Amino acid sequence: MNIKEEILKLLDATDREGIDEVMDWLKQSDFFSAPASTNFHGNYEGGLAEHSFNVYNAAMRLRATALSLNPSLEESLPQDSVAIATLLHDICKADVYKETKKKRQNRFGTWEEYDTYMVDYTNFPLGHGEKSVIILLRLGLSMSDDEIAAIRWHMTAWDLPFQSAEAKGNLNAAKDKYPLCSLVQLADGFASSMMEDSIGPKKY
């Protein structure tokens, strides 16, 4: 079973109201072929789906460890919530990456073109985590408060708009109130920095 099939199977298993519409949207978008970034982790075809699946797997392992150390967390970390929050946290990145060509110097000092990606935010320019939440709610997905918070704040302080004091307060309050927030943040960071590679632009 490939990653696309795995993700769709996991989402379908949540049996959540609106999940069929979400899966249809994913299949109609470039979610399963898009990169996860332009210059960092997963900056290659299929990187976005691979990253989402990696975050889910990391989160499930972290969840198991957390429950072994603190069983009282089980009610706060249901498996369907983990699946929703991890597999869909970066849905905002679908349909924003465009193939392009750039130039770099090879080892001989000669300039050459290479294939890469650029980002086009003109289609629904609304930020990161909040955009994912809005897309999902518009599609009719039934989401709990902790799932919304976990997706909105999965970037932690990296996504604080202009270092807003209000945003910092909301982020800290969400982490204190919803264990799912911390789980998704940890899994996202682990997957992107320790499970995934990046390619070019590099000299040979």
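The values are calculated or read from the model by the stated rules, or taken from the named source; none is laboratory data. Keep in mind the model is a prediction, meaning the values are calculated, not measured. Positions of Cβ are backbone-derived with ideal geometry, glycine not excepted, and every protein chain shown enters the neighbour counts.
Of note:
- Inter-residue pairs, beta-carbon under 6 Å, first in contact (Cβ under 8 Å) with a residue 12 or more places away in the chain and closer than 11 Å to residue 91 by Cα and in segment 16-40, second charged (D, E, K, R) and part of a loop (DSSP other than H, G, I, E, B), 6+ apart: 29/95; 30/95
- Residue 64 being crowded, with 16+ Cβ neighbours inside 10 Å and modelled with pLDDT of 95 or more: no
- Identity of the residue in segment 12-38, in a helix (DSSP H, G or I) and surrounded by 20 or more Cβ atoms within 10 Å (Cβ to Cβ), that ends up nearest to the chain's Cα centre (by Cα): 26
- Members of segment 85-99 found to be over 13 Å from the mean Cα position of the chain (by Cα) and surrounded by 14 or more Cβ atoms within 10 Å (Cβ to Cβ), listed by number: 95, 96, 97
- Selection of segment 39-61 for residues being surrounded by fewer than 13 Cβ atoms within 10 Å (Cβ to Cβ) and part of a loop (DSSP other than H, G, I, E, B) yields only 39.
- Within segment 141-194, the set of residues being within 14 Å of the chain's Cα centre (by Cα), touching a residue at least 60 places away in the same chain (Cβ under 8 Å) and surrounded by fewer than 21 Cβ atoms within 10 Å (Cβ to Cβ) comprises 186, 190, 192, 193.
- Filtered residues of segment 139-185 (kept if of a type in the set (Gly, Ala, Ser) and touching a helix residue (DSSP H, G or I) at 6+ places or on another chain (Cβ under 8 Å)): 140, 144, 149, 150, 157, 167, 174, 182
- Segment 123-137 residues that are under 11 Å from residue 93 (Cα atoms), paired with ones that are at pLDDT below 90 and of a type outside the set (S, T, N, Q) (beta carbon under 7 Å, 6 or more apart): 128/155; 128/159; 129/155; 129/159; 131/124
- When we screen 133, 119, 82 for residues that are within 18 Å of residue 192 (Cβ to Cβ) and buried (at least 20 other Cβ atoms within 10 Å of the Cβ), the only hit is 82.
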